[in-house]
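Notes to accompany the following structure.
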Amino acid sequence: MTAATYQYVDLPDASVVTTRALLAARENIADTVAARAMMCIHGGAGFGKTLAVNTCLRALEPGEDVRKIAFRARPTARAVRYELFTALDLAGGPPRHPSEFDRLLKTALAERPRTFLVDEAQWLNGEAFEYFRYLWDEPATQLAIIFVGGEGCHTVLRREPMLSSRVFIWQHFTRLTPGEVLEAIPLFHPVWAGADPDDIAFADRHAAHGNFRAWAQLTAHIRLALARTGRPGVDRDLLRWAFSRLGTAA
């Protein structure tokens, strides 16, 4: 897997926070990889799914061969074949016939254990999910698969009994609770380290709503405000200015 982009925006000094969801993902992913099984991590946009999975999988490298695939539109089985061909860095050109293509992929996947991170899996339809199951079911392949996606990913998987019955672990990512926000956000970025907990709670109620991506965006604006005003720390005026940029009001 290539070097991960761990933050949602270009946010200097931001840290990956070990939330309860990330701790659970670390354990779940390690168990899934050890079992050469399949796992589904699903939840709303911006809740930290991909960040957590990238962090956990990188901790398994270089001992584990991790390959990442992401889809931006609903792929056919043919498109999945081509994505796998590219992810595996296979030599030569892709085979033209499906049966030949399948043999090539199964041979490559039997060479050594591998883990596929299939991101944006909410774009997969039944045909695409079924193709992953087809490869995983091959006795010679040594494959672990981590599907990561929005709620649509969970819905489609549950509609496919042959595949959903093979999913080893399901993990649902949700918003940070107000208590988790007060624990995690001061660790997320230095601008919040000395902030009044009431101001952090105020920011969460009016702008971030327990969403890590929203917190990253808010933090980027607060950094700019602090640099431009020279103020020593976060206050309500700075927060309201940032809210106006984010299209919220307080």
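The values are calculated or read from the model by the stated rules, or taken from the named source; none is laboratory data. Just so we're clear, the structure is a prediction, and the values are computed from it rather than from any experiment. Counting neighbours? That spans all protein chains shown, and the Cβs are built from the backbone with ideal geometry, glycine included. Only protein heavy atoms, including side chains, enter the accessible area calculation; ligands, DNA and RNA are left aside. Shrake-Rupley method; radii C 1.70, N 1.55, O 1.52, S 1.80 Å.
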Karplus-derived 3J(HN,Hα), 6.51/-1.76/1.60, for each residue of the range 39-50, Hz, glycine and proline x: 9, 10, 10, 9, x, x, 5, x, 8, x, 5, 5
When the Karplus curve 6.51 cos²θ - 1.76 cosθ + 1.60 is applied with θ = phi - 60°, which whole-Hz ³J(HN,Hα) does each residue of the range 136-147 get, with x for Gly and Pro? 5, 6, 4, x, 7, 6, 10, 10, 10, 10, 10, 8
Ignoring everything except DSSP H segments at least 4 long, calculate the 222 nm mean residue ellipticity for the chain; use -39,500 (n - 2.57) per segment, divide by total residues, nearest 500. -15000 deg cm²/dmol
ILE145's amide H: which non-local residues (gap 5+, or another chain) put their own amide H closer than 5 Å, with H modeled 1.01 Å from N in plane and none for Pro or chain starts? ALA37, MET38, MET39, PHE116
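Leaving ligands, DNA and RNA out of it, report the carbon-plus-sulfur percent of the accessible area of the chain at a 1.4 Å probe.
Numbers: 6190 of 11870 Å².
Percent of accessible area from carbon and sulfur atoms in the chain: 52.
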Report which label in (i) -0.26, -0.41; (ii) -0.37, -0.56; (iii) -0.44, -0.64 holds the value of log10 I(q)/I(0) by the Debye sum over Cα atoms at q = 0.08, 0.10 Å⁻¹ derived from the coordinates of this structure. (ii)
Per-residue HN-Hα couplings for the range 173-186, Karplus 6.51 cos²θ - 1.76 cosθ + 1.60 at θ = phi - 60°, whole Hz, x for Gly and Pro? 8, 10, 4, 5, 6, x, x, 5, 4, 5, 7, 8, 5, x
Between GLN171 and residues 5 or more places away or on another chain, which pairs have amide H atoms under 5 Å apart, with H built 1.01 Å from N, and which residues are they? CYS40, ILE41, HIS42
Measure out, as a whole number of angstrom, how far apart the alpha-carbon centroids of the range 212-231 and the range 171-195 sit. 15 Å
How high is the FRET efficiency between ARG236 and ASP13 when r is their beta carbon distance and R₀ equals 22 Å, given to the nearest 0.05? 0.45
